[in-house]
Amino acid sequence: MTEKLFSNVEYNYNLINERIAEAAFKTGRKREDITFLAATKTVDTEIINYAISLGLDHIGENKVQELLSKYDKYDLKNASLQFIGHLQSNKVRQIVDKVDLIQSVDSIKLAGEISKQSLKFGKNTDILIEVNIGREENKSGVYPEQLEELLCQVAQLDGISVRGLMAIPPICESSQKISEYFHKMHNLFIDISSKKLDNISMTILSMGMSADYYEAIMEGANMVRVGSSLFGARDYTK
Ligand SMILES: *Cc1c(COP(=O)(O)O)cnc(C)c1O
C-alpha cells in the first residue's frame, strides 16, 4: 500500500516539476525561479518526508494543531516549513519559532502579534500579505485598495518582514476567468514593487494550487502551493 503511494507521489512530483519548468520557460524564466511548495494538510509525515527525499524543499501547513502534532517528525534539515492557512492571533506564539514564513497575514492585529512573539523568541519572521483578489465576503485577505496602508503599518514593526503577496482566487469554472484573477494579482504585485516602500520587499508572489498552478505561473506567480496533485485526494476522515 505505502509502496504504491510512494510511487504515485514520485510520479506526481516529477510531473509537477516538468509542468512548472515548462510554464517558467514560456514566461522567460527558469525552473529554479519558481518555488514549489507542497500543501501538506492531512498528509502523513512519512509521505511528506518521502517527497522531501525526492527534492521537495518547501512544505506548508494550514492548521496550527496539525502542524504542532507533526512538527517533530518532519525532515526539516532539507525543507522549509511555512504556515499557509488562516491564523488566529492567539495561536501565533505556538508556531512563530517553528516556521520560516507565514503566508496569510491580513490584518495589523495579526502582524502585531507576530512581531511581538518573534521579538520574544529573538527572531525575525518573514510574512506574505494575503489579498482577497476575488473580493469574496467570507474569505481571508485584504482588498487590493487596503493593501498599501497595511504594508505601511507592518513596515513600522520590528521582528517581522514583508516578503511579498499571497492569494487564493475564487474557484472558477473557466481557466480564463482564473487567469484574470492571477493577472490582477500580478499587476498589484508589480504596482506595489514599483513604489519601493521602506522596509518592504516584494519578492514572492504565491498563487496557484493543484488545478491552476500552470496558469498562475503563466501570469507571473513565482511560488505555487500544490497539495492533491502531489499527494492524491485528501482523506479528512483519518
Ligand atoms: C490546501 C491548500 C493548497 C493546495 O490545495 P490543492 O488544491 O490540494 O493543491 C494551497 N493553498 C492553501 C492555503 C491550502 O490550504
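The values are calculated or read from the model by the stated rules, or taken from the named source; none is laboratory data. Everything numeric in this text was worked out from a predicted model, so none of it was measured. Neighbour counts run over all protein chains shown; Cβ positions are idealised from the backbone, glycine included. Ligands, DNA and RNA are stripped out before the accessible areas are found, and what is left, the full protein with its side chains, is counted by its heavy atoms. Shrake-Rupley method; radii C 1.70, N 1.55, O 1.52, S 1.80 Å.
What to note about this one:
- Calculated [222 nm] ellipticity per residue, helices only, for the chain: -13000 deg cm²/dmol; basis is -39500 (n - 2.57) per DSSP H run with n ≥ 4, divided by all residues, nearest 500.
- Computed over all pairs of different Cα atoms, the Kirkwood value for the hydrodynamic radius of segment 177-225 is 11.0 Å.
- On the principal axes of its alpha-carbon atoms, the chain has extents of 51, 41, 32 Å, going from largest to smallest.
- Within the accessible area of segment 40-98, the carbon and sulfur atoms contribute 42%, probe 1.4 Å, all protein chains present.
- Screening the chain for whole DSSP H helices with an alpha carbon extent of at least 30 angstrom along the helix axis and a mean Kyte-Doolittle hydropathy of at least -1.0 yields 2-26.
- Going by accessible surface with a 1.4 Å probe and the largest first, Leu165, Leu15 read Leu15, Leu165.
- For the chain, the longest piece that avoids every one of the GluC sites (Glu not before Pro) found in DSSP loops with at most 14 other C-beta atoms within 10 Å covers 1-135.
- Relative contact order %, segment 1-135, counting alpha carbon pairs below 8 Å whose residues are six or more apart: 16
- Whether segment 3-118 is rounded, prolate or oblate, judged on the alpha carbon gyration tensor where a/c under 1.5 counts as rounded: oblate
- Heavy-atom accessible area per residue - the chain, 1.4 Å, Å²: 49
- Each part reduced to its alpha carbon centroid, segment 202-225 and segment 5-44 end up 11 Å apart.
- Accessible area of segment 143-238 belonging to carbon and sulfur atoms, whole % at 1.4 Å probe: 50
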